[in-house]
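A.B. asks: Following this message is one structure expressed as structure tokens.
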Amino acid sequence: MKKNFEEEIKRRRTFAIISHPDAGKTTLTEKLLLYGGAIHLAGSIKSRKTQRHAVSDWMEIEKQRGISVTSSVLQFDYNGCRINILDTPGHQDFSEDTYRTLMAVDSAVMVIDAAKGIEAQTKKLFAVCKERNIPIFTFVNKLDRYGKAPLDLMEEIETVLGIRAYPMTWPVGVDGQYRGVYNRLEKTIELFAQDNTHGQKERESQKYPFPSDEAAAVLSEEDYSNLEFDIDLLDTAGEKWQPEKVAQGKLTPMFFGSAMTNFGVQNFLEEYLRLAPPPQPHMSDKGIIAADNPEFSAFVFKIQANMNPAHHDRLAFIRICSGKFTRNMPVYHVQRDKEIKLSQPQQFLAQDRQIIDEAYPGDIVGLFDTGTFSIGDTICEGKEHFKFADFPIFPPEKFARVSAKNTMKRKQFMKGIAQLTQEGAVQLFEQAGLSTESYIVGTVGKLQFDVLEYRLKKEYNVDIDIVMQPYEVARWLSYKDGSPVTPESLKGAERGMFVYDIVKRPVLLLNNEWALGWILNNNPNLILHETPKE
């Protein structure tokens with residue numbers, strides 16, 4: 001039994017795919033599903049002729065705009081491995097969701113546009129991975145178009161991100177018209193057949209040893225000599241292969257391909273599964289919890305309302321950290337200090353789901369939730385209870401007054417606002433002294449208001465008015481002597497907006513950092529907090 005448990009852990013691979021918007025992250029996810037046999041026909045994100053959309057983009061607004069606005073959970077088997085992919089939003093306005101998702105993975109795949117190189121959001125997401133020492137695998141995408149030279153992209157990764165790169169594959173051919181990839185470990189070239197399916201089916205290919213007479217017969221003299229030169233340069237002047245540095249997040253294995261045309265995708269998938277780590281230990285307030293600890297533990301990293309809009313359901317996504325999960329098992333909910341039963345557990349291919357009877361460390365499981373769970377909650381079994389490390393909370397930077405256009409829809413409005421707040425998509429505040437006919441909503445980015453408006457209309461049948469507010473800074477308030485902070489006690493409260501968060505903690509919204517300094521100078525007993533303090 002123990003051997004089977006340990007084998008199940010070893011075959012798990014749980015990772016997030018991160019990138020700047022439009023680098024091809026969701027397309028790559030779709031193609032990994034295609035090669036894994038989870039789907040049989042890949043859909044293009046922006047395909048208008050066929051009206052097909054990426055499996056991982058399941059919200060209507062995602063299909064319409066061609067962007068991801070929430071993390072998707074996707075699971076499939078390939079070559080004996082059980083793969084859990086978390087496809088994350090690339091747009092910076094949804095980075096909070098991405099940061100939380102990165103808490104639930106053991107490695108990350110960084111997708112880079114061959115023409116654009118390292119972009120702003122890639123740098124931010126990379127920094128989070130680096131902070132957690134997450135192993136990072138790089139996939140240079142869009143090789144079917146003209147882009148930067150591979151050596152220049154390598155140098156950019158190393159200088160901009162500060163991580164060394166080791167190319168596992170290398171493009172064969174001419175920029176924008178590459179014919180295949182060279183596999184450095186196998187010492188083979190793989191040449192791809194012409195793609196006539198627009199990337200909807202697996203791409204046929206042929207392998208040849210390199211260097212060899214067979215390779216010389218199928219490559220032009222120029223392509224052959226250029227590849228020989230590049231490989232010699234990488235072998236003599238490039239980084240040495242050091243798996244321990246990959247595990248520490250100090251060396252990134254680098255792959256080249258085109259997700260849109262299935263060029264180099266299978267090479268990447270197979271090498272990634274061979275090199276990527278199995279489920280890793282997690283830190284708790286009682287020390288490190290190893291994956292092979294026989295007692296079950298998990299944490300909630302995501303809550304999603306209305307994956308099935310017809311039933312207005314709510315799901316809590318947990319990352320299993322240790323022990324074996326079984327359906328209907330009793331566990332201890334640490335934050336609520338009570339025993340609960342985990343019924344109707346589900347696993348996912350985006351919106352499609354199925355009830356499961358068991359799961360193992362590394363797996364992502366969805367639980368029907370009636371309001372029991374919050375993001376960051378720990379559940380565990382055994383006599384000694386513990387809490388996993390707290391999730392980062394990001395202060396909102398954009399604010400708006402939000403109200404229902406039709407006061408008769410107030411009940412639906414309040415339910416929708418409450419559920420979307422629990423998802424972590426927005427932060428909710430009530431203005432001191434006003435009724436709850438309207439709320440002040442805070443977000444990390446402005447695009448989240450579009451999603452809020454769309455989802456309230458689509459999922460709760462509520463039209464809303466959104467009035468943007470001039471504030472850019474939020475600070476939670478407390479006094480050094482422990483006395484309550486009120487609008488009357490705070491000198492200069494009228495310079496901003498005094499509000500309360502959903503658990504009635506006082507917060508001050510201000511226009512800028514200068515105004516913040518004035519408040520602090522004129523209230524010597526005041527303490528300002530960037531994030532909520534319990």
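The values are calculated or read from the model by the stated rules, or taken from the named source; none is laboratory data. Computed from a predicted structure; not experimentally measured. Note that we place each Cβ from the backbone using ideal geometry, even for glycine, and neighbour counts take in every protein chain shown. The area values use the complete protein model at the heavy-atom level, side chains included, leaving out ligands, DNA and RNA. Shrake-Rupley method; radii C 1.70, N 1.55, O 1.52, S 1.80 Å.
A.B. asks: In segment 319-334, which residues are of a type in the set (K, R) and open to solvent by 10 Å² or more (accessible area, probe 1.4 Å)?
C.D. replies: Residues satisfying the conditions are K324, R327.
A.B. asks: Identify the residue in segment 409-437 that is in contact (Cβ under 8 Å) with a residue 12 or more places away in the chain and charged (D, E, K, R) and, among all such residues, is farthest from R455 (Cα to Cα).
C.D. replies: So the residue we want is E430.
A.B. asks: Which numbered condition trips up K398, out of (1) charged (D, E, K, R); (2) open to solvent by less than 60 Å² (accessible area, probe 1.4 Å); (3) in contact with a Gly (Cβ under 9 Å, 6 or more places away or on another chain)?
C.D. replies: (2)
A.B. asks: Could you give every pair whose Cβ atoms fall below 9 Å, whose first residue belongs to segment 332-343 and is in contact (Cβ under 8 Å) with a residue 12 or more places away in the chain, and whose second residue is open to solvent by 30 Å² or more (accessible area, probe 1.4 Å) and charged (D, E, K, R), counting only separations of at least 6 or pairs across chains?
C.D. replies: From segment 332-343, the pairs are Y332/K338; Y332/E339; Y332/E381; H333/E339; V334/K387; Q335/K387; L342/R327; S343/R327.
A.B. asks: Here's a follow-up. Give the residue that is nearest to the chain's Cα centre (by Cα), with candidates limited to residues of segment 422-449 that are under 19 Å from V462 (Cβ atoms) and open to solvent by 60 Å² or more (accessible area, probe 1.4 Å).
C.D. replies: Q422
A.B. asks: Could you list, in sequence order, all residues of segment 107-119 that are more than 16 Å from the chain's Cα centre (by Cα) and either part of a helix (DSSP H, G or I) or within 19 Å of T29 (Cα to Cα) (or both)?
C.D. replies: D113, A114, listed by residue number.
A.B. asks: A follow-up question, please. Go through segment 148-187 and give me each residue that's out of contact with any strand residue (DSSP E or B) (no Cβ under 9 Å at 6 or more places or on another chain) and at positive phi.
C.D. replies: G162, G176, listed by residue number.
A.B. asks: Can you tell me which condition L161 does not meet? The list is (1) over 21 Å from E270 (Cβ atoms); (2) modelled with pLDDT of 95 or more, and all the others hold.
C.D. replies: (2)
A.B. asks: I'm trying to understand the selection: among the residues of segment 191-216, which are touching a Leu at 6+ places or on another chain (Cβ under 6 Å) and modelled with pLDDT of 65 or more?
C.D. replies: Correct list: Q206 only.
A.B. asks: In segment 12-26, which residues are open to solvent by 20 Å² or more (accessible area, probe 1.4 Å) and more than 14 Å from L269 (Cα to Cα)?
C.D. replies: Correct list: H20, P21, D22.
A.B. asks: Something else about it: So which residues in segment 111-147 are open to solvent by 70 Å² or more (accessible area, probe 1.4 Å) and either under 17 Å from P253 (Cα atoms) or among the basic types (K, R) (or both), if there are any at all?
C.D. replies: Passing the criteria: K116, K123, K124, K130, R132, N133, R145.
A.B. asks: Any idea which of Q412, Q419 is touching a helix residue (DSSP H, G or I) at 6+ places or on another chain (Cβ under 6 Å), assigned to a helix (DSSP H, G or I), of a type outside the set (K, R) and open to solvent by 20 Å² or more (accessible area, probe 1.4 Å)?
C.D. replies: Exactly one residue qualifies, and that residue is Q412.
A.B. asks: Pairs only if they're at least six apart or on different chains, beta carbon under 9 angstrom, first in segment 290-307 and closer than 15 Å to E423 by Cα and β-branched (V, I, T), second at pLDDT below 80 and not in a loop (DSSP other than H, G, I, E, B); list them, first residue then second.
C.D. replies: I303/R314; I303/Q419; I303/Q422
A.B. asks: Something else about it: So how many residues does segment 494-534 have that are among the small types (G, A, S), closer than 28 Å to G424 by Cβ and assigned to a helix (DSSP H, G or I)?
C.D. replies: Number of matching residues: 1.
A.B. asks: Quick one: how many residues across segment 57-106 are hydrophobic (A, V, I, L, M, F, W, C), under 12 Å from the mean Cα position of the chain (by Cα), modelled with pLDDT under 75 and surrounded by fewer than 23 Cβ atoms within 10 Å (Cβ to Cβ)?
C.D. replies: Adding up the residues that qualify gives 1.
A.B. asks: Residues in segment 240-247: is at least one over 24 Å from the mean Cα position of the chain (by Cα), part of a loop (DSSP other than H, G, I, E, B) and loosely packed, with under 13 Cβ neighbours inside 10 Å?
C.D. replies: yes
A.B. asks: Among all residue pairs at least 6 apart or on different chains, which show Cβ distances below 9 Å where the first residue, located in segment 452-481, is on the phi > 0 side of the Ramachandran plot and the second is open to solvent by 50 Å² or more (accessible area, probe 1.4 Å) and of a type in the set (S, T, N, Q)?
C.D. replies: Going by the 9 Å Cβ cut-off, the qualifying pairs are N461/Q412.
A.B. asks: Condition test on T252, is it open to solvent by 10 Å² or more (accessible area, probe 1.4 Å), hydroxyl-bearing (S, T, Y) and either closer than 20 Å to L151 by Cα or modelled with pLDDT of 95 or more (or both)?
C.D. replies: no
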